[in-house]
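The values are calculated or read from the model by the stated rules, or taken from the named source; none is laboratory data. Predicted model only: the values in this text are computed from it and were never measured. All Cβ positions, glycine included, derive from the backbone under ideal geometry; neighbour counts span all protein chains shown.
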Amino acid sequence: MPGVSLKALSKRYGDVGAVDGLSLDVKPGELLALLGPSGCGKTTTLRLVAGFLAPEAGEIWVGDRRLSSPASVVPPERRRMAMIFQSYALWPHMTVAQNVAYGLRFKPGLSRGDRDARVREMLRVVQLGGYEARYPGELSGGQQQRVAVARALVVEPEILLLDEPLSNLDANLREEMRFEIRRLHETFGITTLYVTHDQGEAMVISDRIAVLRAGKVTQVGTADDLYHRPRTRFVAEFIGRTNVIDGLATSLDTVAHGALRLHIAPGPLQPGTHVALSIRPHQVQLAAPLESADGANTFRGTVRRAAFLGDTIDYEVAIAGSDLVVRAAAAPTPRFDVGAGVTLRIAPGACVPLAESE
Amino acid sequence: MDRSIAVWVSAALALVVLIALPLGWLGWLSVSGEHGVTLAHYRDAFADPALQKALWNTVVLAFWVGLVSVAIGAPLAWLTARTDVPARGLIRGLVLASFVTPPFLGAFAWVMLAGPNAGMLNTLWRSLTGADAPLLNIFTMPGLIFVVAIYTFPYVYIMVSNTLALIASDLEEAAAILGAGRLTVARTVTLPMVLPALASGFILAVLQALALFGSPAILALPAGFHTVTTQIWSLFQFPPKVEQAAAFSVPLLLATALLLDVQKRLLGRRGYAAVGGKGGQRRTIALGRWRWPALAACLVVMSSAIFLPYAVLAKGAFARAWAQPLGRDNFTLGNFTFTFFEYGSTRAAIVNTLELAVLTACIGAAMVALLSYITNRRLVVGHQLVAFLVLAPVVVPGVVLAVGLFIAYTRPPFVLYGTLWILFLAYLTKEMPVGYAQADATFRAIPADLEDAGRVLGAGRLRILKEVTAPLAKSGIIAAWCFIFIGVIRELSASILLFTPSTKVMSVVIFDLKEEGQFGAISVLGLVMLALTFATVALVQAALGRDVLGARR
């Protein structure tokens, strides 16, 4: 099972969706999500890997085969890959079985009987046994999705490419299919590139996530890495919700925002430089105002807004003596009303400094 | 290198030769004199008072046809698209019938209906009132305008009804909820949204009238006046003045191009209809006590375009004397034997027409399929130019195209004049845009994903074309084939300049028969032509699963 290596890949057309010197390694057997807002170049990257586009610079390697370079591009049909499309791209004039069997035609030395058996087995795996003779138009969206998955997996590709495969499903089904795709990945272990703009999807499905912005990889890491240790403001804001506080480093572990002083876990701050801190809402602790407001990163504030979300309450709290308004996600009890005074506490370890430049 | 490239490139090159050769020669000959470039031909053409008169007549004809078409087509479209007028399906079907009826057949029928002496409506009028003077005289400018307009209004109808079908009632209701009354909604929302369609329908109607040869030849020539197209034709009569004809053709070509450009801008700038959001419902407006009067009005239009002309053609085909009542002693099948077995050129002409129609449709459908695939998937450098060229013949009136082809193919390297091939080229060129539009819509509806999905799994491009694209495009291409076929069997304006005694086609023979006053045989051939047309239309509808006028079923 080979991995995929993208080396300084560039492809410009128009301005939107361009890829600009993108480098990325997908480990063998890994499921890596390409995550980013629309126009960040993630679909272009996927189509470069599939061989539908030729790069203007850079190379694509799978194992020890060089598949793309500006000089030569191995055509899609000779890349031993499979792809699942946003639209599913099922052929409406072929039955489910014919759709799934299509790729097997190009496998040498496979008898008709073998082919049928593999198709049946694969349809059983995606829980569509008995649907062989149906046409795609007769299936629900979720079932069509499963056919697309089966068609891609049955050829046992070296590399599997998925282009926002769940975006056409309704919310419940999407949730279910996330786990389904993860399950299939664990069963087959195919090296997979998964394009999505939905961070939740990326976090559930993938081993690692590459966050793309303007045609470049901003940060690669596990969901945990990206959530707890975002390196840039873009990643911090794109993965989950966060408070970003701009300030000036006054010591190795202190950041000043106006009169406010925020302590962070001992880190590599350079005194005198501008720095931005990311603080996740659920790491802002709220307490009754009567309690003492001493200690590191403890402030008084006033509740501006409160929204009940079931398992948490979402607060907006204005910090006294400052222009800062932070969001906090707190347990439903104790409950603070709008206008009430509160005490905020933020653990120094929860303040993550972000790279200034992007 | 992709093996398929050769296929794409040669299709594109064939197209360039097909279009550029006749138009290039046309332009060149119109300015070439014995001593190099000259404007003498233009001077000769436009200084001639007779030609000036023809030009003016064409302007009058085209303008009024445009207006009358809007006056008929727009209300009909609104009635069938938005109201509960009875028998909407029937009305739509009749509009379609009028759309595919060869206009020159309609003109013949109206000669039999409203000729000043023997016209049946006039005979009826005289017997009812005892008057001497005819009620109607079709051999006049108003008569010509009328006959052209009743077969041209479908262009307006199609534009307007397809637009209305795209405008969701939500848009009107959004205005109503803000306090606009019914009339205000119509004035401030519906009408402005339909206006571009209306204007572009007007322009299409004008263009039809500009390019038409048959109806003016049948109605204007006996009335003693010319239009540009008949004038070009008469410049081709012995002794032919080809250069003058070329010079006279170029302005017609430019006017058409200009008008089409205006039309495109009208539609393009504010393509409102395309902005249709999701789930737009279209609610029908109840006409109340106006339902039946509205239907009656529709049927009056349809009787002049369809019922009366078809009836008179049917009668003419089975009557010994077409002007007399069709009784037992006036009934005959002789017209059929005469047409098919006795009259010299009919059988050869029918064979020629069918051969040409099948050949043109097959080659044309294959070409437009290839070309639209190229432009849709951007397979060659310069695919925009391909799209432009394939649509270019739209601006070339049949007569003008014929002049260009005549010039291009009466001299080396391609001497085709006198063979069926020159007619084939004329038809292929002329019908290309219609076929292309159909094929283009077909490929547009087939997402590239469907092809990409196969390629990733290991199939090459040509294989995907065969196994995925072709099966999906089949019905659309069959429809393109039919459109081309229909276009060819009714073609007159180019054929009339390009035929020779051994290469006559049906429309030309009908025209000959008119010179001889053989109305029975004209009627028979007309019925054959209509039968072929409607059979083909039925085939299209079956292939596309919708009607030819372009709305969902």
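Given the condition away from chain B (no Cβ under 14 Å), β-branched (Val, Ile, Thr) and in contact with a helix residue (DSSP H, G or I) (Cβ under 9 Å, 6 or more places away or on another chain), answer yes or no: does some residue in segment A:45-63 qualify?
Our first condition is that a residue be away from chain B (no Cβ under 14 Å); within segment A:45-63, this holds for A:45, A:55-61, A:63.
Next, only the ones that are β-branched (Val, Ile, Thr) stay: A:45, A:60.
With the extra rule that they be in contact with a helix residue (DSSP H, G or I) (Cβ under 9 Å, 6 or more places away or on another chain), the set shrinks to A:60.
Yes, segment A:45-63 contains at least one residue that is away from chain B (no Cβ under 14 Å), β-branched (Val, Ile, Thr) and in contact with a helix residue (DSSP H, G or I) (Cβ under 9 Å, 6 or more places away or on another chain).
Among B:Val394, B:Val390, B:Val380, which is more than 14 Å from chain A (Cβ to nearest Cβ) and not in a helix (DSSP H, G or I)? Full working, then the answer.
Numbers: B:Val394 fails: not in a helix (DSSP H, G or I); B:Val390 fails: not in a helix (DSSP H, G or I).
Step by step, each of B:Val394, B:Val390, B:Val380 is checked, and only B:Val380 is more than 14 Å from chain A (Cβ to nearest Cβ) and not in a helix (DSSP H, G or I).
Looking at segment B:444-460, is at least one residue hydrophobic (A, V, I, L, M, F, W, C), away from chain A (no Cβ under 14 Å) and farther than 30 Å from A:Glu158 by Cβ? It would help to see each step written out before you state the result.
In the first step, residues of segment B:444-460 are kept if they are hydrophobic (A, V, I, L, M, F, W, C); the result is B:445-446, B:448, B:450, B:453, B:456-457, B:459.
From what is left, the residues that are away from chain A (no Cβ under 14 Å) are none.
No - not one qualifying residue is present in segment B:444-460.
Take B:Ala453 and tell me if it is crowded, with 22+ Cβ neighbours inside 10 Å and in contact with a strand residue (DSSP E or B) (Cβ under 9 Å, 6 or more places away or on another chain).
On the way: crowded, with 22+ Cβ neighbours inside 10 Å: yes; in contact with a strand residue (DSSP E or B) (Cβ under 9 Å, 6 or more places away or on another chain): yes.
Yes, satisfied.
Does A:Gly113 meet the test of being on the phi > 0 side of the Ramachandran plot and surrounded by fewer than 15 Cβ atoms within 10 Å (Cβ to Cβ)? Spell out how you get there, then give the answer.
Working: on the phi > 0 side of the Ramachandran plot: no; surrounded by fewer than 15 Cβ atoms within 10 Å (Cβ to Cβ): yes.
Answer is no for this residue.
If B:Leu96 passes every condition in (1) surrounded by 24 or more Cβ atoms within 10 Å (Cβ to Cβ); (2) of a type in the set (A, V, I, L, M, F, W, C); (3) in contact with an Asp or Glu (Cβ under 8 Å, 6 or more places away or on another chain) but one, which one does it miss?
(1)
With the checklist (1) at pLDDT 85 or above; (2) surrounded by fewer than 20 Cβ atoms within 10 Å (Cβ to Cβ); (3) within 19 Å of B:Glu342 (Cβ to Cβ) in hand, flag the one item B:Ser523 doesn't pass.
(2)
Would you kindly identify the strands (runs of 3 or more DSSP E) lying entirely within segment A:284-337 that contain at least 2 residues that are among the polar types (S, T, N, Q), surrounded by fewer than 15 Cβ atoms within 10 Å (Cβ to Cβ) and in contact with a Lys or Arg (Cβ under 8 Å, 6 or more places away or on another chain)? Steps first, answer last, please.
Working: elements: A:284-287, A:298-308, A:313-319, A:325-330.
Hits in segment A:284-337: none.
In segment A:126-140, is there at least one residue being in the same structural domain as A:Lys27 (by TED's automatic domain parsing), within 30 Å of A:Leu34 (Cβ to Cβ) and in a helix (DSSP H, G or I)?
Our first condition is that a residue be in the same structural domain as A:Lys27 (by TED's automatic domain parsing); within segment A:126-140, this holds for A:126-140.
Cutting the leftovers down to within 30 Å of A:Leu34 (Cβ to Cβ) gives us A:126-128, A:136, A:139-140.
Add one more test, that the residue is in a helix (DSSP H, G or I), and what stays is A:136.
Scanning segment A:126-140, I find at least one residue that is in the same structural domain as A:Lys27 (by TED's automatic domain parsing), within 30 Å of A:Leu34 (Cβ to Cβ) and in a helix (DSSP H, G or I), so the answer is yes.
For segment A:154-172, indicate whether the set of residues that are touching a helix residue (DSSP H, G or I) at 6+ places or on another chain (Cβ under 6 Å), part of a helix (DSSP H, G or I) and assigned by TED's automatic domain parsing to the domain that holds A:Ile60 is non-empty.
Scanning segment A:154-172 turns up no residue that is touching a helix residue (DSSP H, G or I) at 6+ places or on another chain (Cβ under 6 Å), part of a helix (DSSP H, G or I) and assigned by TED's automatic domain parsing to the domain that holds A:Ile60.
Count, please, the residues in segment A:24-41 that happen to be touching a helix residue (DSSP H, G or I) at 6+ places or on another chain (Cβ under 7 Å) and in a strand (DSSP E or B).
The qualifying residues number 4.
State which residue is nearest to A:Ala117 (Cα to Cα) when the search covers only segment A:83-100 and only residues that are crowded, with 23+ Cβ neighbours inside 10 Å, more than 7 Å from every other protein chain (Cβ to nearest Cβ) and without any contact (Cβ under 8 Å) to a residue 60 or more places away in the chain.
It comes out as A:Val100.
List the number of the failed condition for B:Arg88; all other conditions in (1) more than 18 Å from the chain's Cα centre (by Cα); (2) closer than 14 Å to B:Ser303 by Cβ hold.
Here B:Arg88 clears every test but (2).
If we keep just the residues of segment B:429-443 that are over 30 Å from A:Ala50 (Cα atoms) and surrounded by fewer than 24 Cβ atoms within 10 Å (Cβ to Cβ), which is farthest from the other protein chains (Cβ to nearest Cβ)? Spell out the reasoning first.
Our first condition is that a residue be over 30 Å from A:Ala50 (Cα atoms); within segment B:429-443, this holds for B:429-438.
This time we only want the ones that are surrounded by fewer than 24 Cβ atoms within 10 Å (Cβ to Cβ), so: B:433-434, B:437.
On the way: B:Pro433: 28, B:Val434: 26, B:Ala437: 23 Å.
Looking at residues that are over 30 Å from A:Ala50 (Cα atoms) and surrounded by fewer than 24 Cβ atoms within 10 Å (Cβ to Cβ), I get B:Pro433.
Do we find that A:Arg213 is out of contact with any Leu (no Cβ under 9 Å at 6 or more places or on another chain) and within 20 Å of A:Val49 (Cα to Cα) in this structure? Steps first, please.
Details: out of contact with any Leu (no Cβ under 9 Å at 6 or more places or on another chain): yes; within 20 Å of A:Val49 (Cα to Cα): yes.
So A:Arg213 passes the test.
Only one of B:Thr58, B:Thr101 is buried (at least 22 other Cβ atoms within 10 Å of the Cβ), farther than 14 Å from B:Tyr155 by Cα and β-branched (Val, Ile, Thr). Can you tell me which?
Working: B:Thr101 fails: farther than 14 Å from B:Tyr155 by Cα.
None of the other options fit; the residue is B:Thr58.
Scan (1) among the β-branched types (Val, Ile, Thr); (2) over 14 Å from B:Val528 (Cα atoms); (3) without any contact (Cβ under 8 Å) to a residue 12 or more places away in the chain for the single condition B:Thr332 breaks and write down its number.
In the conditions (1) among the β-branched types (Val, Ile, Thr); (2) over 14 Å from B:Val528 (Cα atoms); (3) without any contact (Cβ under 8 Å) to a residue 12 or more places away in the chain, B:Thr332 misses (3) alone.
Please go through segment A:262-276 and pick out each residue that is surrounded by 15 or more Cβ atoms within 10 Å (Cβ to Cβ) and more than 11 Å from A:Pro348 (Cα to Cα).
A:Leu269, A:Val275, A:Ala276
I'd like to check something: does segment B:514-521 contain any residue that is touching a residue at least 40 places away in the same chain (Cβ under 8 Å) and either farther than 27 Å from B:Ala211 by Cα or not assigned by TED's automatic domain parsing to the domain that holds B:Thr410 (or both)? Break it down stepwise before answering.
Taking segment B:514-521 as the starting set, the residues that turn out to be touching a residue at least 40 places away in the same chain (Cβ under 8 Å) are B:514, B:518-521.
With the extra rule that they be either farther than 27 Å from B:Ala211 by Cα or not assigned by TED's automatic domain parsing to the domain that holds B:Thr410 (or both), the set shrinks to B:520.
Looking through segment B:514-521, at least one residue is touching a residue at least 40 places away in the same chain (Cβ under 8 Å) and either farther than 27 Å from B:Ala211 by Cα or not assigned by TED's automatic domain parsing to the domain that holds B:Thr410 (or both).
Would you please name the residue that is nearest to A:Val125 (Cα to Cα), looking only at residues in segment A:173-197 that are part of a loop (DSSP other than H, G, I, E, B) and away from chain B (no Cβ under 14 Å)? Break it down stepwise before answering.
At the first step, the residues of segment A:173-197 found to be part of a loop (DSSP other than H, G, I, E, B) are A:189-190, A:197.
Cutting the leftovers down to away from chain B (no Cβ under 14 Å) gives us A:189, A:197.
Values: A:Gly189: 15, A:His197: 27 Å.
Ranking the qualifying residues of segment A:173-197, first place goes to A:Gly189.
Considering only residues that are away from chain B (no Cβ under 13 Å) and of a type in the set (Lys, Arg), which ones fall in segment A:101-114?
Across segment A:101-114, the qualifying residue is only A:Arg112.
Somewhere in segment B:504-513, is a residue outside any helix (DSSP H, G or I), of a type in the set (Val, Ile, Thr), away from every other protein chain (no Cβ under 14 Å) and buried (at least 22 other Cβ atoms within 10 Å of the Cβ)? Outline the logic, then answer.
Taking segment B:504-513 first, the residues outside any helix (DSSP H, G or I) are B:504-505.
Now narrow it down to the ones that are of a type in the set (Val, Ile, Thr): B:505.
Narrowing the set further to residues that are away from every other protein chain (no Cβ under 14 Å) leaves B:505.
Remaining after also requiring buried (at least 22 other Cβ atoms within 10 Å of the Cβ): B:505.
The answer is yes; a qualifying residue exists.
Looking only at segment B:61-81, filter to residues that are in contact with a Ser or Thr (Cβ under 6 Å, 6 or more places away or on another chain) and over 18 Å from B:Val148 (Cβ atoms); which one of those is surrounded by the fewest Cβ atoms within 10 Å (Cβ to Cβ)?
Among those residues, the one meeting the criterion is B:Ala81.
Between a first residue in segment A:306-328 that is closer than 14 Å to A:Ile245 by Cβ and a second residue that is in a strand (DSSP E or B) and of a type in the set (Asp, Glu), which pairs have beta carbons less than 7 Å apart while being 6 or more apart in sequence or on different chains?
A:Val325/A:Glu316; A:Arg327/A:Asp314; A:Arg327/A:Glu316
Just checking: which of the helices (runs of 4 or more DSSP H) contained wholly in segment B:173-247 hold 1 or more residues that are surrounded by fewer than 24 Cβ atoms within 10 Å (Cβ to Cβ) and of a type in the set (Gly, Ala, Ser)? Quick ask: steps written out before the conclusion?
Details: elements: B:182-185, B:191-211, B:214-223, B:228-236.
Per the criteria, B:191-211, B:214-223, B:228-236.
Of everything in segment A:198-214, what is in contact with a Cys (Cβ under 8 Å, 6 or more places away or on another chain) and outside any strand (DSSP E or B)? Give them in sequence order. Before you say what the answer is, go through the steps one by one.
Within segment A:198-214, the first condition is being in contact with a Cys (Cβ under 8 Å, 6 or more places away or on another chain), and the residues that meet it are A:212-214.
Scanning segment A:198-214 gives a single hit, A:Ala214.
Condition first: more than 8 Å from chain B (Cβ to nearest Cβ) and either touching a Gly at 6+ places or on another chain (Cβ under 7 Å) or assigned to a helix (DSSP H, G or I) (or both). Now tell me which residues in segment A:64-82 satisfy that.
Once the filter is applied, which keeps residues that are more than 8 Å from chain B (Cβ to nearest Cβ) and either touching a Gly at 6+ places or on another chain (Cβ under 7 Å) or assigned to a helix (DSSP H, G or I) (or both), segment A:64-82 yields A:Leu67, A:Ser68, A:Val73, A:Val74.
Determine whether A:Arg118 is among the basic types (Lys, Arg), within 14 Å of chain B (Cβ to nearest Cβ) and buried (at least 18 other Cβ atoms within 10 Å of the Cβ). Spell out how you get there, then give the answer.
Numbers: among the basic types (Lys, Arg): yes; within 14 Å of chain B (Cβ to nearest Cβ): yes; buried (at least 18 other Cβ atoms within 10 Å of the Cβ): yes.
So A:Arg118 fits the description; yes.
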